[in-house]
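Inspection log for the structure reproduced underneath, given as structure tokens.
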Amino acid sequence: MRELTVVEIEDVAGAYGNGFFADIGEAIQSAVVGGVAAGFAGAIIGGKHGGDGGGALGFGIIGQGVGMVAGGVIGLVGGAVAATTVGWDTTWNVVDRVIDGFANGTLVP
């Protein structure tokens, strides 16, 4: 059995890779952009629904604050992991839809 050359490895159907450092760079880029976008969306959702219980005084301002922070952190971590998993192209498509939805008022948390 012979060893494959780099060109042969890159030509294999379904093979992925532009080089180790390019792949690491794409993973970091995807994680940062996806994490920020998901943290943004998570903070909006957490802030909106954090005070749904009403709270002790009848309005859930503390719950909204906690929900906003917790939703943002959970969204940041989950978005970074998911974006690293799916890659840059899918991450950018999702982030672009989130930005468009926020800009034109159709982002529904």
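No value in this document is a laboratory result; all are computed from the given coordinates. If you're wondering where the values come from, they're calculated on a predicted model, not measured in any experiment. In this analysis, Cβ positions are derived from the backbone assuming ideal geometry, glycine residues included, and neighbour counts consider all displayed protein chains.
Table for the structure above
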read-out: Sole exception among (1) under 17 Å from GLN29 (Cα atoms); (2) surrounded by 15 or more Cβ atoms within 10 Å (Cβ to Cβ) for ASP89, by number; value: (2)
read-out: Any hit, segment 49-70, residues being more than 23 Å from TRP92 (Cα to Cα), touching a Pro at 6+ places or on another chain (Cβ under 9 Å), touching a residue at least 24 places away in the same chain (Cβ under 8 Å) and part of a helix (DSSP H, G or I); value: yes
